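Since every read-out is calculated from the coordinates, none of them should be taken as a lab result. Predicted model only: the values in this text are computed from it and were never measured. With ideal geometry, Cβ positions are generated from the backbone for all residues, glycine too; neighbour counts draw on all protein chains shown.
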Amino acid sequence: MSKQTSLRKYGKQSRKPKGDRLFAELPQTPVRIQIQPPRAVNDDGILEKDGIDELTNRILAINIDDENSIPTSLRRSPRRKTQHILESSRVEPAKPQTPQVPSPPISEQSGEIEEPEALETVDSTVGLQILSWPEICPPGDRIVKIAEASYAEVYRVSNERGTSIIKVIRMESPIKPQTKAQQKSGLVDEEPHSESDLMGELKISEWLADIPGFVVYKERYIVQGKTCRELLETHQAFHKKLKRQDPDRLQFYPSPSRYLDDTKFLVVELGDAGTALEDFGLESVDQLWDIFFHVAIALARAEAHIEFEHRDLHEGNLCIRRAGQPIPPEDRERSSRFGFSGLEITILDYGLSRAHADHQVEGSQPIAYDLERDLSIFTSEHAPQCEVYRRMRSFLLTGDRVCLPPQSHKKAYEEGVDGPITWAQHEPYTNVLWLAYIYQWMITHFKGLKKELNAFRRLTKELWAYLDPDADDSVPSFGSASDVVRFALESEWIEEDQLMGVREEIEKSILSILTNDDMGKAPEEEGYLESSIRRSPRRRQWKAM
């Protein structure tokens, strides 16, 4: 008698209460500074009422007088320390919070830069459950290939009990060689990945799971053996569809027909986040406002919590789900622009990401994928996002808003502004580059009324000026996603209570975005007003140094 196939249950509920998963009303914004003196905390580690009252009073006490002072969120260059300032009041730039990471060592014999060792040792896959493909997709379940990520294939598996997304990453294991037909078709096999690469992404996934806007992590396991019919059929259907859309597109992942008994995959099961942005029809400007600023807020929180940089946030790694009904203009109780589309946004795929959960602990090391190991990502021109990869590396090399051409990215660990390139370095400007990419992508692919799009572009003209990576050097620049969120608050596109939270871990909320070191000052102290927010940035008068 054949072995009975075990049924897997998908759609497992997150442990977080529903209120914590709703992103538009979300709470909890990044912590960037410490307020002195410390506020009262009870024996359970919960902020007492007096501390909460003090925090609320500081928000209410912010005075908005000076139209001409420069916001600390903008700099003439993302890295450059000099800022546009008023003659009457100079605002000192905040000290960078970049972790100290070792530069790649130089060989004494050859004089060449050696590839650095892994930054952090993470758990291995030993002890994980081993399943077969028929167990992943038993009779009655439906599996559909929906995307190809940095080094993983992404499937949606659903049954009567729910839906999950599984991310399938090939580990170092044997596979059938390509047939002559496959070689002729130009099939390019994605290389298998080491445990350290895989576990680094999983660790980042765990760190991000409690930050709104990032995918719900469920579990992981090993899948080993030959394919099942359902997996092969959806793989073929996926690539036929892509070939129709782009006849020149290459296939980067081996066909499941080549799997052997010893072919192994690490499978990460995630919550279903909806439809990829590239497949979502953008039909209203409310969707543009919400998608862009949901992403910006999520990145801002992750920057502060774990010094996070996504580094691969293209239209395929951003998912959209309808969580509610759109609110028509006549039924709105707010004058802001954010939170009316009914959409929920989720950021996926941390294969190229960088994060440092213990960045406040001296001697701790970040987790970061070393992009210098394969420079083809910077020399490739197969997709629009390849330019963003080059911009990230160009920034490490020059410290400015330039995009060096593909031929300038052929020497690994090249000398940059801070020494040999190391992707362990925290540079939140990379998040700004991807926000600029998302903004442009949505503008280009908008399917709604042209007059509404033109109105959106007029309203966000100044925002785009500070996002634009091709802007003139005289134009200030955002340095992080937190800067973008601060600008939206000053512009009254987002209201403060949309970012205030009710989680058990009570934080300073949006205060950490509104101001920096001056938060420790009372409203009447000298220097407080110069750093306070302005609600009408369009009235600012910029003055060059």
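Given +1 at the Cβ of Lys and Arg, -1 at the Cβ of Asp and Glu and no other charges, the dipole of the range 124-273 around its Cα centre is 720 debye to the nearest 20. From the square roots a ≥ b ≥ c of the eigenvalues of the alpha-carbon gyration tensor of the range 159-290, which class results: rounded (a/c under 1.5), prolate (a/b over b/c), or oblate? Because a/c hits 1.5 or more and a/b fails to exceed b/c, the range 159-290 counts as oblate.
Relative to one another, the C-alpha centroids of the range 368-441 and the range 295-359 are positioned 23 Å apart. In the range 259-323, the alpha-carbon atoms span a convex hull of 147 Å³ per residue.
Residues whose amide H falls under 5 Å from that of F214, counting only those 5 or more places apart or on a different chain, are I347, with hydrogens built in the peptide plane. Taking amide H as placed 1.01 Å from N in the peptide plane, the amide H of A276 sits under 5 Å from that of I320, each at least 5 places away or on another chain. Taking GluC sites (Glu not before Pro) across the range 294-391, the ones in a DSSP loop with at most 11 further Cβ atoms lying within 10 angstrom of their Cβ are E333, E362, E381. Compactness of the range 313-392 was expressed as the Cα radius of gyration divided by 2.2 N^0.38 Å, which yields 1.64. A viscosity of 1.002 mPa s and a temperature of 20 °C, combined with the Kirkwood radius over Cα pairs in Stokes-Einstein, give a translational diffusion coefficient for the range 241-285 of 145 µm²/s. Global size of the range 291-337: 14.3, 40 Å for Rg and Dmax (C-alpha atoms, Rg to one decimal, Dmax whole).
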